[in-house]
1. How much mean residue ellipticity at 222 nm does chain B get from its helices, if each DSSP H run of length 4 or more adds -39500 (n - 2.57) and you divide by all residues, to the nearest 500 deg cm²/dmol?
2. Fewest Cβ neighbours within 10 Å first, please rank A:LYS463, A:LYS45 accordingly.
3. Need one number: the % of Cα-Cα pairs in chain B sitting beyond the 23 Å mark.
4. For chain A, give the magnitude of the charge dipole about the Cα centre (Cβ charges: +1 Lys/Arg, -1 Asp/Glu; no others), in debye to the nearest 20.
5. I'd like the distance between the alpha-carbon centres of the stretch A:466-530 and the stretch A:34-97, rounded to an integer number of Å.
6. For the stretch B:52-68 and the stretch A:319-346, what is the centre-to-centre distance using only Cα atoms, to the nearest Å?
7. Helix A:332-357 against the longest principal axis of chain A: what's the angle in degrees, Cα atoms only, rounded to the nearest 10?
8. How are the Cα pair distances of chain A distributed, in percent, across 10 Å bins from 0?
Amino acid sequence: MTDLIERHDIEQFDDHGGHETNPHDDHEHHGPSGLLKWLTSTDHKVIGINYTVTSIVMLVVGGALAEIIRAQLVSPTSTLVSFAQYNQLFTMHGSIMIYLFAGPFAFAGLANYLVPLQVGAPDMAFPRLNALSYWLYLSGVITMVLSFFATGGPAAFGWVGYAPLTSAVNAPGVGPDLWIGALLLTGFSAIFSGVNLVATIFYLRAPGMTLFRMPIFTWNMLVTGILILLAFPVLTAALVMLYCDRHFGTHIFEVQGGGVPLLWQHMFWFWGHPEVYILALPFFGMVSEVIPVFSKKPMFGYKGMVFATLTIAALSLGVWAHHMFTSGAVLLPFFSIMSLLIAVPTGIKIFNWIGTMWKGQIQYTSAMLFSIGFVITFLIGGITGIFLASPPLDFFTHDTYFVVAHFHSVVMALVIGAMAGIYFWGPKITGYKLHEGWGKAQFWFLFLGTQVFTFPGYWLGLKGMARRMAVYPNNPSWQTLNDWSTVGAIMIGISTLFLIINFIVSWRKPIPAGDNPWDASGLEWFTSSPPPHHNFLSLPPIRSERPTWDYHHPEHPALGHGDHVSGHAEEKVSN
Amino acid sequence: MLKQESYILIAFGIFAGIVAAVYWFWGHEDSGGVMLVGALLLGLMPGLYYYYWYRRSGGQRPEDRPNATVAEGAGTVDAFPSTSIWPFVLGSGCFFFVLALVFGIWLLVPGLSLVLAAFIGATAESRRGGSV
């Protein structure tokens, strides 16, 4: 079935938009219903919700594994799990969180839902490819979960899968093969999402939506899409090579046949470091949308933000081996300089977020609290990252809990940013607001829990506690800090319960949101909540990066951002 | 059309090229150099293709002009498939394909059948539906 999509401006309808008209008048569908409807949908909104829900389920699964890990570490000689089970736990925790939650939530969940809305498009550029990418992701999820039931258990070589731990001798059984298979499936799913994002943003923007009028979130998704296309093929290729090593007798990563185990690390991190930004940029974009709305100010330094995003992405291509400083086989000054340089554009971003809040009329809604929490937590993770970019400091802390705490500050910042996105765009997706009280309770537990969870890790790392140890009988003095870390992890777990309670409460006592509950500025707030099939019955004129704001507040045009403002607004610029 | 878009991709490619050159002559390490040259090509190939289309078409699309009215963009945006079962069939085929890598070659039978069915089905669907 195919729909020919026509585009209308608001004058062709009635004066105040197509909001009042029945969203389903125009494109009524008599397609399949029930399960078949879900299986056959190519609507980016349905796919986006599928992605979001699936990835949040994986967040809960990965979080449960983390709670078991923290429970094991409460005492120096705990016997809650065996050493082998502990290896499986941290491997699956990392794999599920990175491959199945953070990435898909960031670049395929909310992005799938929002990017077409923000650029004024009826759908993603390739709707069937988009659907395929979700089915591949779901297959990857099922494959990864299947490995829990494999003989010999799931993969146990860490989420980075370093050679030679992954060889057929060191990691026998189907668990590691299922891990490889799951990553192949999600890898292709990510590549297809990247293609779709870039094509949608290049080809389906509404008239007047020039590149430099796109919302920061859409900009970040464009750059994320390009990074996916540069990075993911390398991981997928490396996985194919690993599979060949395990089953077809090649020796690409095995010393015995003349291979190079370090090659795996090069290939893995050539994907893995851009991946960090593939994960982070979407959340940078989310808080960049939330902070201006609740500060009642336009984004401070819009162009600076865009160029900072582009610079971060470009630099991320040249920093992979800072994960390999202690291998003794990489060019230390080169990777140190490149890694330290990334602090500059990231600093610009944090400066711009603070500049946006500066002297604004800040409303402390849940979404805003989560955004501020994101900035603070990401700052902590970023600054400790600058320490680690220096080889002498990295030699001292490599593979200790300092590194673990560093990247958990970063990724927990992303989880906090994800919550900002859920509270901010939830009303657009469902038509109903989430409960603010539960939201704030969730924020305080999540934000404080994150700090209580990570800070002891920095100390433990400096004291010398190595990552991935299940017991520490020779250092009983580490117990207090480990116990605090576990308290933090429990607080984070409670915050997740609050989110689920909030979903239930908001579902039982719905608070209708209306089309634009936050008086926000992006094009997604112009259409109804939830948007009709193919998104827009009409479009406003787009004369700045805040089209919906301009339409609802003609007395306060969002001007003054320099040369990207023109057209009929020019006469107002002059004064 | 597509001028700034092509510049972004070309800039990524050129930057990867500069990094590749510096890395290659300073570090003498092959794998990173090869991957950076790959990044150079992945930036330049689509970037130059878009640049070619920009040079060839010349004019600006309504979405490239800051003062375009919505009416200028009126008309058919494109044809979008509203429902299709074939992505699910193709995804299931890929799932069986991966299971075949793990559990045994016989799983390629359902895997490849589903992939083949999806190729035929999706192509036929596109023909029926017009310019998808």
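Every number in this text was worked out from the coordinates using simple rules, so none of it is lab data. Because the structure is a prediction, the values reported are computed rather than measured. Cβ placement follows ideal geometry from the backbone for every residue including glycine, while neighbour counts extend to all protein chains displayed.
1. Computed mean residue ellipticity for chain B: -25000 deg cm²/dmol.
2. A:LYS463, A:LYS45
3. 65 percent
4. Magnitude of the dipole: close to 1400 debye.
5. 14 Å
6. What the calculation gives is 40 Å, centre to centre.
7. Relative to chain A, helix A:332-357 is tipped by roughly 40 degrees.
8. 3, 17, 28, 27, 15, 7, 2, 0
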